[in-house]
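**Student:** Sharing a structure with you now.
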There are 2 protein chains.
Amino acid sequence: MSLELLRKLANSMMPLPNHEWEALAACWHPVQFKRKEVITVAGEVEKYLYFVNAGVQRLFCLEGDKEATLLFTYTGSFSGIMDSFQLQQPSSAYLETLTASDMLRMSYTDFDRLTLQYPTIERWVRLGTVAALSGLLERHKELLSFTAEQKFRKLLTRSPHVLQLIPHKYLASYLGIDPATFSKLLGTVKL
Amino acid sequence: MSLELLRKLANSMMPLPNHEWEALAACWHPVQFKRKEVITVAGEVEKYLYFVNAGVQRLFCLEGDKEATLLFTYTGSFSGIMDSFQLQQPSSAYLETLTASDMLRMSYTDFDRLTLQYPTIERWVRLGTVAALSGLLERHKELLSFTAEQKFRKLLTRSPHVLQLIPHKYLASYLGIDPATFSKLLGTVKL
DNA sequence: AGAAAATCTTGGTGCAGATCAACATTTTAT
DNA sequence: ATAAAATGTTGATCTGCACCAAGATTTTCT
């Protein structure tokens, strides 16, 4: 069980004192998932916080018969349905793997104990949550004001690597456009 | 300076011990703003956390020459640019009043001291932030999958009161649709 | 109260992008 | 290695909604 990536991310957010880090590190347990496996179902309460050691996952909602992809998580990032986990309320989203995934997870019981016991960890979690909020606000702005082409271009410049990593139909769903439109836009830019 | 509404909201989120509540209460200072006043400008770091005793405000971004309204704040809710405030990073949004507003505010210095000194308050802030994240995710889903009409109807059922409270052009901007379209949709439902 | 500014309504037009469909290509499973 | 399933491409059509514009109405300021 490798905590290397996690430690790196943790330090970049806000360095934790040794004692806190050790308490935190002790609470993670390894889990593996196959490709296309649904980890959490909408309506359930998220029981775990995940950290991705390898693989790609996506978080999405069902609205009628359409899927709306909220975000992707990758090797080296946290994963899970954050609001459902922290508030222990039913989730409105699904979490599934896109590739076979090697992850660490922490139960809510441990999480709750850690945050109550160590103010530094409580703060660390808050700052992580705010960072997530900040990113979501940024995307929100784009959804409100960008055309399909603008959203597409922004994706290309911000994270070109996802083109190879993630099936285009999910990227289209992430941008809120039709897969066919995504494919056509791709054609205009490749030349 | 009335802390009544604030206390009510605080208790509904997570009751604070008396001592913490008093420390918190001591940090708020009253401010008034006129109608249409810009409180925080994009690019600046948000210096204050606000609580609304009376009035309506909106948070928006400029994208080219278009405005995208991210959210409204009302009497009895917190206000301010949360991510910029908590991370003390430049904001990408503006905060302005829609009506003359009677608010309380707390400086970042006090906020930071309080959260470091009182773990209960740190936790209280975290849970508030997660709740905000949760609401934003819900809206995000709608932006990704709803048509103009669906977004409009959802607004009507969820918060019909805003129709009288907020100029329709801002509601349109909040939904990411054209003001003229909003007006036409309104015509179809009134009959 | 009256003038000025802001907002709302309504009709007409155009186009970005959804939808449909058939085929090509890539990926996965056995 | 091969079949089967999933994903991507491309063209043709159709439509929801943005855009424009002019007049009506409401709200704000002095």
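What follows is calculated from the coordinates using simple rules that are stated; it is not laboratory data. Every value quoted in this text rests on a predicted model; they were computed, and no experiment measured them. Quick reminder, even Gly has a Cβ in these numbers, built from the backbone with ideal geometry, and neighbours come from all protein chains shown.
**Student:** When Cβ neighbours within 10 Å are restricted to other protein chains, what is their mean count per residue of peptide A:173-183? Don't jump to the answer; show the numbers that get you there.
**Tutor:** Working: counts 2, 1, 1, 5, 1, 0, 0, 0, 0, 0, 0.
Mean partner-chain Cβ count within 10 Å for A:173-183: 1.
**Student:** Also, I was wondering about something else. Percentage of Cα-Cα pair distances in chain A greater than 26 Å, rounded to whole percent?
**Tutor:** On the way: 6513 of 18145 pairs.
Tail of the P(r) past 26 Å holds 36 percent of the pairs.
**Student:** Going by average Cβ neighbours within 10 Å, how do the peptides B:46-54, B:134-142 rank, with the highest at the top? Walk me through the intermediate numbers first.
**Tutor:** Numbers: B:46-54: 20.8, B:134-142: 18.2.
By packing density, highest mean first, the sequence is B:46-54, B:134-142.
**Student:** Where the centroid of each part is defined by its Cα atoms, how far is region A:125-191 from region B:142-169 in Å?
**Tutor:** A separation of 24 Å, based on Cα centres.
**Student:** For A:Lys184, go through the lysines and keep the ones whose alpha-carbon is under 17 Å away, minus same-chain ones fewer than eight residues off.
**Tutor:** In chain and number order, the partners are A:Lys151, A:Lys154, A:Lys169.
**Student:** Do you know the relative contact order of chain A, to the nearest whole percent, from alpha carbon pairs under 8 angstrom that are 6+ apart? Walk me through the numbers on the way to the answer.
**Tutor:** On the way: 280 pairs, mean separation 44.1, N = 191.
Value for chain A: 23 percent.
**Student:** Within 10 Å of each Cβ of B:127-136, how many other protein chain Cβ atoms are there on average? Each step should come with its number before you reach the end.
**Tutor:** Details: counts 4, 1, 8, 13, 4, 6, 10, 9, 1, 7.
Partner Cβ neighbours, averaged per residue: 6.
**Student:** Taking amide H atoms as placed 1.01 Å from N in the peptide plane, list the residues 5 or more away in sequence, or in a different chain, whose amide H sits under 5 Å from that of B:Ser79.
**Tutor:** Close amide H contacts, sequence-distant or interchain: B:Tyr50, B:Phe51, B:Val52.
**Student:** What do the square roots of 5 times the Cα gyration tensor eigenvalues come to for the protein assembly as shown, in whole Å, largest first, as semi-axes of the equivalent ellipsoid? Could the numbers behind the result be given before it?
**Tutor:** Values: eigenvalues 206, 192, 65 Å².
Rounded to whole Å, the semi-axes are 32, 31, 18.
**Student:** Would you mind classifying region A:146-191 by shape? Square roots of the alpha carbon gyration tensor eigenvalues, ordered a ≥ b ≥ c; an a/c under 1.5 is rounded, otherwise it is prolate if a/b is larger than b/c and oblate if not.
**Tutor:** Numbers: a/c = 1.16, a/b = 1.05, b/c = 1.10.
Verdict is rounded for region A:146-191.
**Student:** Right, next: Where the centroid of each part is defined by its Cα atoms, how far is region A:1-41 from region A:63-124 in Å?
**Tutor:** Taking the Cα centre of each part, region A:1-41 and region A:63-124 sit 12 Å apart.
**Student:** In nm, to one decimal, how far is the modelled label at B:Asn18 from the one at B:Glu37, with both set 7 Å along Cα→Cβ?
**Tutor:** Label at B:Asn18, label at B:Glu37, 3.6 nm between them.
**Student:** Now for a different question. Determine the calculated [θ] at 222 nm for chain A from helices alone, applying -39500 (n - 2.57) to every DSSP H run no shorter than 4 residues and normalising by the residue count; nearest 500 deg cm²/dmol.
**Tutor:** On the way: 9 runs with 96 residues, N = 191.
The helix contribution divided over chain A gives -15000 deg cm²/dmol.
**Student:** Can you run phi through the Karplus equation (6.51, -1.76, 1.60; θ = phi - 60°) for region A:27-35 and list ³J(HN,Hα) in whole Hz, with x for Gly and Pro?
**Tutor:** 8, 8, 10, x, 9, 10, 10, 7, 4
**Student:** From the backbone phi of region A:122-129, what are the Karplus-calculated ³J(HN,Hα) couplings (6.51 cos²θ - 1.76 cosθ + 1.60, θ = phi - 60°) in whole Hz, Gly and Pro given as x?
**Tutor:** With coefficients 6.51, -1.76 and 1.60, one gets 3, 5, 4, 5, 4, 5, x, 5 Hz.
**Student:** So, one more: Who wins for biggest fluctuation among A:Arg126, A:Arg158, A:Arg58 in a Gaussian network model of chain A, springs between alpha carbons below 10 Å?
**Tutor:** Result: A:Arg158 has the largest fluctuation of those listed.
**Student:** Right, something else. So if each residue of separation counts as 0.36 nm, and I subtract the Cα-Cα distance between B:Leu186 and B:Ser2, what length gain in nm does that give?
**Tutor:** Length gained between B:Leu186 and B:Ser2: 62.5 nm.
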